[in-house]
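Notes for the one structure printed next.
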Amino acid sequence: MATQQAGSADRRFVRKAMKAPMLEADHEIDLATRWRDNNDERALHELTTAYMRLVIAMASKFRHYGLPLADLVQEGNVGLMQAAARFDPGREVRFSTYASWWIRSSIQDYVLRNWSIVRTGTTAAQKSLFFNLRRLRAKIDDTGDGVMTDENRKWVSEHLGVPERDVASMASRLSASDRSLNAPMTADGEAEWQDLLPDHAATPDVQVMEQRDSERRKEWIAEALKALNERETLIIMERRLTDDGVTLEVLGKRLGISKERVRQIEHQALGKLRKALTSMVGDPQAAGLIPQA
């Protein structure tokens, strides 16, 4: 029901746009001048309304990319408004001629952003290839699947000035549509394509082992810290056991000693920790418990 209502609204919009009166050249210049010089919104509305038919006509040419006409028209209207903002009535160029470029550019950018979840390309050459490949293939009667003959691929490559490998890649992309990962693989629908995606996360048993190892290391470090005095513990905690280690200078100011003295205490504390951990685990560095001093 909602789809039918939307379709009906689109048709009414198109009919209304097509009934808008055409503009004479002098009146068009007058409207553009009033908008440019006086920000006359009524003049802007009349100017853009008259050329909505141009937006609709150009948007219709891109319907074969599978995007809703209403969305294409909306993007074309954005280009129309950009054209109105930049149009210079003093250049003696019809607004429709000037606006066509902005409308087409806006619609093309929208198609590139939404046609495929795989980024198609953003360079001028890639855009030209994307929007002209079907037309050129039809011109040389090459309307099959994505596989092109060497001769046809070379002809398109030379005609558009792009590498042959880009022509082959684009032909392959345009011949295939995006597939949902939730789409069933078979008729019975018991499996989906996402089931074939590899899971690079750790398996449950590995996660349990890693959690146990982490807890064990924390217990070892907590026990080893008992071998340090209060000042040594503070320095090790602030310098080695936090994500953002405090500088020697900051600790020196806090403790009322020089940063060199802080470094010496840290070195001594690391030695005590190493000795305590060695008695518990053998090689504390191999266990990832303590860095080299």
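Note the per residue figure in Å³ for the convex hull of the C-alpha positions in the stretch 8-115. Let's see the in-between values first.
Numbers: hull volume 10.0 nm³, N = 108.
Residue-normalised Cα hull volume stands at 92 Å³.
Averaging sequence separations of C-alpha pairs under 8 Å and six or more residues apart, then dividing by the length of the stretch 8-115, give the relative contact order as a whole percent. Kindly include the intermediate steps, with their values, before the conclusion.
On the way: 105 pairs, mean separation 28.9, N = 108.
Dividing the mean separation by the residue count of the stretch 8-115 yields 27 percent.
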Which log10 I(q)/I(0) values, to two decimals, does the stretch 211-267 give at q = 0.19, 0.23, 0.26, 0.30 Å⁻¹ under the Debye formula with one point per Cα? -0.69, -0.89, -1.03, -1.21
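Would you tally the net charge around Gly252, using a Cβ to Cβ cut-off of less than 14 Å, leaving Gly252 out, and scoring K and R as +1, D and E as -1? Numbers along the way, then the final one.
On the way: positive: Arg231, Arg239, Lys253, Arg254, Lys259, Arg261, Arg263; negative: Glu238, Glu249, Glu260, Glu266.
Net charge around Gly252: +3.
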Can you check what the net charge comes to around Arg240, using other residues whose Cβ is under 15 Å from the Cβ of Arg240 (Lys, Arg +1; Asp, Glu -1)? +2
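Taking 0.36 nm per residue of separation and subtracting the Cα-Cα distance, what length does fully extending Arg53 through Ile257 add?
On the way: separation 204, 0.36 × 204 = 73.44 nm, distance 7.97 nm.
Stretched out fully, the Arg53 to Ile257 stretch lengthens by 65.5 nm.
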Using 7 Å Cα-to-Cβ label points, what is the Glu151/Asn38 separation (nm, one decimal)? 6.5 nm
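Arrange the following residues from fewest to most other Cβ atoms within 10 Å of their Cβ: Trp35, Trp101, Trp220.
Working: Trp35 22, Trp101 12, Trp220 19.
Final ranking by Cβ density, sparse to dense: Trp101, Trp220, Trp35.
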Any of Lys218/Lys275; Lys61/Lys154; Lys226/Lys253; Lys61/Lys139; Lys218/Lys272; Lys253/Lys275 with alpha carbons more than 22 Å apart? Name them for me. Lys61/Lys154; Lys226/Lys253; Lys253/Lys275
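Each value in this text was obtained by applying a stated rule to the coordinates, not by laboratory testing. Keep in mind the model is a prediction, meaning the values are calculated, not measured. Cβ atoms come from the backbone with ideal geometry, glycine included; neighbour counts cover every protein chain shown.
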